[in-house]
Structures are given as structure tokens and as C-alpha cells.
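Visitor: Structure incoming, see below.
Rule-based calculations on the coordinates, nothing more; no lab input. The shown structure was predicted, so the numbers you read here are calculated from the model rather than taken from an experiment. As a convention, Cβ positions derive from the backbone with ideal geometry for all residues, glycine included, and neighbour counts pool all protein chains shown.
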Amino acid sequence: MSLEYYSTALVWHTRRGGSAKLWGRIVPLLDAPPLAGLRLVMVEYLPEIAQRELQEVAAPRHEMTLAEVAAVDAFLRALLER
């Protein structure tokens with residue numbers, strides 16, 4: 001999945017790592033993003049195309065809750081607004 005077409009994204013998978021992107025600035029991620037104490041297996045957050053899914057260890061993949069979306073947005077701002 002190319003993040004080239006999106007201004008905001010958080011994509012991370014256990015086996016592949018991922019990237020965080022906000023306003024065109026991108027940061028590679030080797031470890032799971034620290035989101036509200038969740039033990040993540042994957043997260044795919046691309047709000048421009050309404051892709052908002054995550055999966056925790058030993059749980060099914062699901063549509064993100066409003067609290068999870070807020071945690072992702074806060075993580076992106078903290079990481080990329082510096």
C-alpha cells in the first residue's frame with residue numbers, strides 16, 4: 001500500500017512495520033505505535049478513504065472506535081508536529 005496519495009495515515013503490521021504520515025511528512029515505524037495501551041497486531045488508518053481498522057493480539061480485526069481514532073490522531077500530532 002502506497003501512502004504517497006494520502007496526507008494523513010498510520011499503517012503498521014507486526015511483520016512489516018509501517019509508517020506514520022501527517023500533512024505529507026512521513027516517519028517510518030519499526031515498533032507498534034503506543035495507542036492507549038493497546039497491544040496491536042495491525043492498524044490501518046487512512047481517514048481520507050474512511051479506512052479505520054485495527055487488530056489487537058488475540059482479537060479480531062475491527063472498525064476503530066471514536067476513542068481509538070482520537071488516540072491515533074493524538075499520536076500523529078505528537079510524532080509529526082515537532
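Visitor: Using a 10 Å cut-off around each Cβ, can you sort Ile26, Ile49 from fewest to most neighbouring Cβ atoms? Provide the component values of the computation, followed by the final result.
Guide: Working: Ile26 15, Ile49 9.
Exposure proxy ranking, most exposed first: Ile49, Ile26.
Visitor: If you place +1 on the Cβ of every Lys and Arg and -1 on the Cβ of every Asp and Glu, how big does the dipole about the Cα centre of the chain come out, in debye to the nearest 20? Provide the component values of the computation, followed by the final result.
Guide: On the way: 9 positive and 10 negative charges, 48 e Å.
Dipole of the chain, to the nearest 20 debye: 240 debye.
Visitor: Something else: On a 0 to 90 degree scale, rounded to 10, what angle separates helix 66-80 from the longest Cα axis of the chain?
Guide: 40
Visitor: Report the one residue of Gly17, Ala36, Thr65 whose Cα lies farthest in the direction of the positive end of the charge dipole of the chain (charges on C-beta: Lys and Arg +1, Asp and Glu -1; origin at the Cα centre).
Guide: The residue sitting farthest along the positive end of the dipole is Gly17.
Visitor: For the range 5-17, in order, what is each residue's ³J(HN,Hα) by Karplus, 6.51 cos²θ - 1.76 cosθ + 1.60 with θ = phi - 60°, in whole Hz (x at glycine and Pro)?
Guide: 8, 10, 8, 9, 6, 9, 10, 8, 10, 3, 7, 10, x
Visitor: Long-range amide H contacts for Glu56: which residues qualify at under 5 Å (H placed 1.01 Å from N, peptide plane, sequence gap of 5 or more or a different chain)?
Guide: Those qualifying (amide H under 5 Å, at least 5 residues apart or on another chain) are Val41.
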